[in-house]
Structures are given as C-alpha cells and as structure tokens.
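Peer 1: Handing you a structure now.
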Amino acid sequence: MIEKMYYTMGEVAEMMDVAPSLLRFWEKQFDIIAPHKNKKGNRLFSADDMRNLKTIYHLTKERGMTLAGAQKYLKANRTAIERDARLAEHLQSVRALLLEIRNELEHSGNQPEEVKSEAASTSLTTPQPTTNFLEQTLF
C-alpha cells in the first residue's frame with residue numbers, strides 16, 4: 001500500500017469520521033497540528049499531522065479528556081504517547097489481518113470450529129530427548 005505524502009481536509013475528516021470543523025478547531029487548539037497550505041489555502045496534512053490528530057482523537061474522544069487535559073498530557077508524555085500511538089496502529093493492522101484470515105476461512109468452507117477439531121484430531125507430539133540437560137552437562 002502506497003502512503004500519500006499529504007492528505008486533504010476532506011480525506012482526513014472521512015478517515016477519522018469527524019467533521020472538518022473539528023479538525024480546524026484542533027488545529028487552533030494544539031500547536032502540534034500544523035498542516036501545510038497550498039496556494040488556494042487548502043490544508044494538506046502530513047503523516048506526522050495524521051499521527052498527532054489520531055493521538056488527540058484518542059485522548060479527547062476515547063479517553064474522555066478535556067482539551068486542556070489533553071494539552072497538558074501531550075506536553076508531559078510526548079514519547080509515551082507516540083509509542084502508544086504506534087502500538088495502537090500496529091494492533092489495528094494485526095486485527096485487520098486476523099479478520100481477513102477469518103473471512104478467508106469462512107469462504108473456503110472451513111469454519112473455525114472445523115479447524116479447531118482438525119487440529120485436535122492431529123497428534124502433534126514433541127519428541128522427548130533421550131537424556132536431560134543435567135546428564136549432558138555433568139557427564
């Protein structure tokens with residue numbers, strides 16, 4: 001998947017499922033949001049802006065912080081927030097992959113229950129070593 005360098009206001013609003021006016025408001029409230037503007041004055045958001053917007057969304061919408069609380073939290077915990085944002089993004093991609101795998105299994109005729117029963121009926125035994133670790137090291 002090719003990642004764009006800049007996203008328009010409409011694209012960002014659609015991706016985040018928020019109104020463009022909220023994005024403009026956050027831009028005024030948070031100094032970490034600094035979109036580029038083209039000759040017409042249209043805002044163009046970079047990948048960094050997108051990460052920052054997602055962080056602000058998480059703090060205000062999902063965790064229920066006030067704007068002042070989110071601003072303080074961002075200033076005090078910048079590195080932890082960036083790490084958490086990357087982790088959340090990674091978890092979302094893993095979840096999407098797992099959902100895709102589940103859909104493929106359902107469409108192929110193998111239901112998850114059938115897969116479980118097939119795995120249970122297959123004998124997967126681990127070969128046992130002939131000597132244990134202590135015997136190998138002592139003798």
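The values are calculated or read from the model by the stated rules, or taken from the named source; none is laboratory data. The structure presented is a predicted model; accordingly, all values stated were derived computationally and were not measured. A quick note on method: Cβ atoms are made from the backbone with ideal geometry, for glycine too, and the neighbour counts reach across all protein chains shown.
Peer 1: Take the residues of the range 1-17 that are touching a helix residue (DSSP H, G or I) at 6+ places or on another chain (Cβ under 7 Å) and not in a helix (DSSP H, G or I): which is farthest from ALA68 (Cα to Cα)?
Peer 2: GLU3
Peer 1: Can you pull out the residues in the range 18-52 that are assigned to a strand (DSSP E or B) and either without any contact (Cβ under 8 Å) to a residue 24 or more places away in the chain or under 21 Å from ALA68 (Cβ atoms) (or both)?
Peer 2: Applying the first criterion (assigned to a strand (DSSP E or B)) to the range 18-52 yields 36-37, 43-45.
Across the range 18-52, the qualifying residue is only LYS37.
Peer 1: Tell me yes or no: at least one residue of the range 32-53 is of a type in the set (D, E, K, R), over 19 Å from ALA88 (Cα atoms) and in contact with a strand residue (DSSP E or B) (Cβ under 9 Å, 6 or more places away or on another chain). Please lay out each step first, then the result.
Peer 2: Filtering the range 32-53 down to residues of a type in the set (D, E, K, R) leaves 37, 39-40, 43, 48-49, 51.
In the following step, the residues that additionally are over 19 Å from ALA88 (Cα atoms) were identified as 37, 39-40, 43.
Next cut, in contact with a strand residue (DSSP E or B) (Cβ under 9 Å, 6 or more places away or on another chain) only: 37, 43.
Yes, that holds for at least one residue.
Peer 1: Is it the case that ALA13 is at pLDDT below 90, among the small types (Gly, Ala, Ser) and under 22 Å from the mean Cα position of the chain (by Cα)?
Peer 2: In short, no.
Peer 1: Only helices (runs of 4 or more DSSP H) wholly contained in the range 74-139 count here; list those with 1 or more residues that are at pLDDT 55 or above, within 30 Å of ARG63 (Cα to Cα) and touching a Lys or Arg at 6+ places or on another chain (Cβ under 7 Å).
Peer 2: Where helices (runs of 4 or more DSSP H) fall fully within the range 74-139 and carry at least 1 residues being at pLDDT 55 or above, within 30 Å of ARG63 (Cα to Cα) and touching a Lys or Arg at 6+ places or on another chain (Cβ under 7 Å), they are 78-107.
Peer 1: Ok, one more. Quick check on ALA19: is it of a type in the set (A, V, I, L, M, F, W, C), surrounded by fewer than 18 Cβ atoms within 10 Å (Cβ to Cβ) and either closer than 17 Å to MET5 by Cα or at pLDDT below 90 (or both)?
Peer 2: So ALA19 fails the test.
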